Structures are given as C-alpha cells and as structure tokens.
Amino acid sequence: MLTATPIVDTLILAALAALVAVPSALLMRIARPPGGQPAAGLLGGALAGLLLSLALGAAAPEIHEKLFVGARAERQALEQAERQNAIDITAMINAGVTPIAIEEHRRITREQESDLELQWRIALRSHSRLTLAAAGIFFALLALSAPLRSAGRGAPRTREPADRAILAGLLTFIVAGALTALLARWLLDSHTLQAAAFATSLAAGPLCISLRARLVGAPARARNLDLSGAALYTFAAAALCIIVAVADRDLLASVIFTAALGAAGWIALLTGWRPRAPIIRRTLIGLTSALFAPAIVALALAPMDLPTVLRSLDFAIAAVIATILSDGRWIGAWLAWWTIGPDAVRNQASRRAAAISASNIGVIQIIAALALHRAGAMSDPILAGVIVGAIVIELTSNLRTRLSRSLDPGGPPLFNSEPPTSP
C-alpha cells in the first residue's frame, strides 16, 4: 500500500500511468502508424509500460516495486526468514546436532516460511487490485463516452428480426472463444480456467460500432449491427464474471460493476442518447487514444518482469495465437451473418464482421485480459501475448477493412487506388 487509503492509492497509480502514457501516445501519434489513432494509443501505452517496467525498474527498483508490484515488506520478511533458517541449519550441522533434531527444525521452519509466503502472495494480490482499479477508471470513461464515438445512424431502420442480431452476437462469441480455447489447451497446455480466460479476452465485444467503422460502408450503420455488438459484449462480460467468480470471488463485485458501465454505454447508444455539443464529442474522442487506452496498457505492463516474460515460450505462443485469433471475432461474425441472414444481409456479411473488428476492439481485449489476470486466471506471458494481439489488430485495421469490402459481392477490388468513402 502506498498510503492508508486504497482510493488514494488507486488515484496515484492512475495519475502516474497517465503522466507517462499521454506523452508516449502523442509521440506515437506523431509517428503516424498504420491503423491511425487507436493503434497509436496502444503503441504509446506499450511504450509507457516498457518505461515503467524496464527503465524505472532498473533505475529505481525499490520505487518500482513499491508503486506497481507491492508487498515489499512481506517479500523482505520471507527472504530474511529463508536466509536465517539456512544459517541455523548450517550451524546445527557444524555443532553435531542429531539428524532427527535437524529434520524437526527444518519442518518447523518450512511451516514458518509457508506462512510468510502466503502473506506475501496475499499482499501481492491486494496490490494488483489497485492497478486494476486504476485501469477501471479509464475503462469507465471509455464506456460512458462510447455513444460519442459511435458510427451514427445514417442507414435506415431495417426489418431484420432482433433475435437474429442477438444470435449473431452469440455465434461470434462462441466461434472466437472456441478457436482460442482449443489452441490454448493444445499449444500452451493451459488448464481449463486459463484457456477460458484467454478465450474470453480474445472474444470480448466492442463498446460501440465506432466512427472508424464508417470506412466499411453503409452496413456499419445498420441498427441490428449495434444490437449484435451489444450482445457480443454482454456474452463476453458474462463469461468474464463467471471466470472471476471461480478464480477470485472477492474481486467479483468490482468486475461486475465495471462490466455494467460498458452495458450502460450500450444502452445509451441503442436508445439514441448523444450529446450535441461538438467540443465534448471531439474532446472525449481524442482522449480515447490519447489517455484512456494508453493508460490501461501501461498499467497492464508496468508490474511485469518483462525480461523474464518476453523470453518465455508461453509468451511467444500466446502472442502468435492472439495475433491470429484476435480476428476470431471477424470469422465468427461473418459466419453468423452469412448463415442466419437473408440474401441482402449475406451480401454484407464480410463488411458487418469488419465493422466489429474496426471498433477499437484492442483496448477492450486488453482490459478483459487484465481483469482476468488480476483474478489469478491468467499468467503474465498470456497477458503480454494478448496485448501484442491487440496492437496487431489495430495496426492492421485499415488493411482488414479493405479486404472485407472486397470480399462481399459487388465490393471494390482489394487494391483499388481510390480510398473508401464514408456513407
């Protein structure tokens, strides 16, 4: 704990993350990476996380441990006990103490060390919740500003049944999640809980069909696409809460509250609430990639021992899976709309799927993984792999949008020299 009050600690961590993440995100925005501002935001957050983990960890390890890792006093007590017990055993052997007495001493000291280790792990878990709470502040701002970042209502209302849109959201979640879970069990040899956590993070739904989805074309503004996106978000949030309940019931209430904020954003969007003040819209849209998203990424990476994580085989495998299957939502959404929709919808299946993937999905993927990681359902290498996949999906968003437009009947060729026009 930094202070005696968890709320103050959370605000301190949020402020520190913002202080490093904002200039990093602005630097990435100047570099103009593919994928635009969402990609720049995640890259800036990754840079901030590297600075906080590697640079601060090397220059001031005690400060880094106190701020982002925690449990420093408990770790020191455990290490001191281990050193003292080793000294005592050596002294007993040199003094000719009987093996039975030495073994009994070892048994007692092992119990003491186990108790100290338990206290250390509890303190670590408690501090990790502070970084999750700080990230939750930025996620709340993301969720509540979602209606300001939506693609709008340019397309007329369709007569598509609402149950088809909800079913499309369910099928998207099932396909994306199932593919990830199978690969996690096979390639990572993950236990069931971690495979489910990995799958849920890569199937997490968007907070809105974003402004960038306009590049997909008119299907991005279909009313039923909003409903499908809301269903995908709801199913993923429900799965996340179930996993957290199994892994760490003490964290469940805060996760449910945070997920409900995202649902509130969807409700506002579907009911048509949208502030008319342009300056508010522009400010919050800009802060999404300049502050909210990069701060979340920085808080996810800062506590990690990145040299160890990046050298691990699990990280490499998880990064490959996340890079490939971050598009599992596109596969699931395309399959859903093509299977259950009428001919008119089938002809838009690829573009509707692309609208989901183009809706700032990367940061939602990261916040879901962060919550599952802090609940103990996901390891550091898997979380780092999820972050890599999220960055890749944002960097390649424009390319995938062009590809999706070319796949639908009557769509423009993939290498059309003319840029896509907003409807």
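Residues in the stretch 94-109: is at least one of a type in the set (Lys, Arg) and closer than 30 Å to THR10 by Cβ?
The answer is no; no qualifying residue exists.
Of the conditions (1) within 21 Å of VAL345 (Cα to Cα); (2) modelled with pLDDT of 80 or more; (3) in contact with an Asp or Glu (Cβ under 9 Å, 6 or more places away or on another chain); (4) not small (Gly, Ala, Ser), ASN224 clears all except one; give me its number.
The single condition ASN224 does not satisfy is (2).
Have a look at ALA123, ALA101, ALA133, ALA81 and point out the one that is free of Cβ contacts under 8 Å to residues at least 24 places away in the same chain and either among the aliphatic types (A, V, I, L, M) or part of a helix (DSSP H, G or I) (or both).
After applying the criteria, what remains is ALA101.
Those residues that are outside any helix (DSSP H, G or I) and crowded, with 17+ Cβ neighbours inside 10 Å, I need them from the stretch 171-194; list them, please.
Of everything in the stretch 171-194, those that are outside any helix (DSSP H, G or I) and crowded, with 17+ Cβ neighbours inside 10 Å turn out to be LEU188, SER190.
Go through the stretch 237-259 and give me each residue that's modelled with pLDDT under 85, over 17 Å from GLN365 (Cα atoms) and either of a type in the set (A, V, I, L, M, F, W, C) or surrounded by 16 or more Cβ atoms within 10 Å (Cβ to Cβ) (or both).
Selection gives ASP248, LEU251, LEU252, ALA253, SER254, PHE257.
Considering the stretch 188-230 alone, what residues qualify as being without any contact (Cβ under 8 Å) to a residue 60 or more places away in the chain and at positive phi?
Listed by number, the list holds a single entry, ASP189.
ALA263: of a type outside the set (Val, Ile, Thr), surrounded by fewer than 20 Cβ atoms within 10 Å (Cβ to Cβ), under 19 Å from the mean Cα position of the chain (by Cα) and over 27 Å from GLY35 (Cα atoms), yes or no?
Here the answer is no, as ALA263 does not meet what is asked.
Can you name the residue in the stretch 377-423 that is of a type in the set (Asp, Glu) and at pLDDT below 80 and, of all such residues, is nearest to GLN365 (Cα to Cα)?
Taking the candidates together, the pick is ASP408.
Scanning for something closer than 30 Å to ILE296 by Cβ and in contact with a His (Cβ under 8 Å, 6 or more places away or on another chain), does the stretch 88-101 turn up at least one residue?
no
If we scan the stretch 52-59, do we find a residue that is within 19 Å of LEU306 (Cβ to Cβ), loosely packed, with under 11 Cβ neighbours inside 10 Å and among the aliphatic types (A, V, I, L, M)?
Scanning the stretch 52-59, I find at least one residue that is within 19 Å of LEU306 (Cβ to Cβ), loosely packed, with under 11 Cβ neighbours inside 10 Å and among the aliphatic types (A, V, I, L, M), so the answer is yes.
Which of the residues spanning the stretch 199-214 are at pLDDT 75 or above and assigned to a helix (DSSP H, G or I)?
ALA199, THR200, SER201, LEU202
Quick check on the stretch 351-380: of everything there that is out of contact with any Leu (no Cβ under 7 Å at 6 or more places or on another chain) and of a type in the set (D, E, K, R), which residue is surrounded by the fewest Cβ atoms within 10 Å (Cβ to Cβ)?
ASP380
Per-residue answers, yes or no, for (1) farther than 27 Å from ALA355 by Cα; (2) in a helix (DSSP H, G or I):
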{"residue": "ALA18", "(1), (2)": "yes, yes"}
{"residue": "ALA21", "(1), (2)": "yes, yes"}
{"residue": "ARG29", "(1), (2)": "no, yes"}
{"residue": "PRO33", "(1), (2)": "no, no"}
{"residue": "LEU56", "(1), (2)": "yes, yes"}
{"residue": "GLU62", "(1), (2)": "yes, yes"}
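Would you point out the residue of the stretch 131-153, among those that are touching a Pro at 6+ places or on another chain (Cβ under 8 Å) and modelled with pLDDT of 75 or more, that is farthest from PRO206 (Cα to Cα)?
Result: THR131.
The values are calculated or read from the model by the stated rules, or taken from the named source; none is laboratory data. As the structure is a computational prediction, the values presented were derived from the model and not from experiment. All Cβ positions, even for glycine, are placed from backbone atoms using ideal geometry, and neighbour counts span all protein chains on display.
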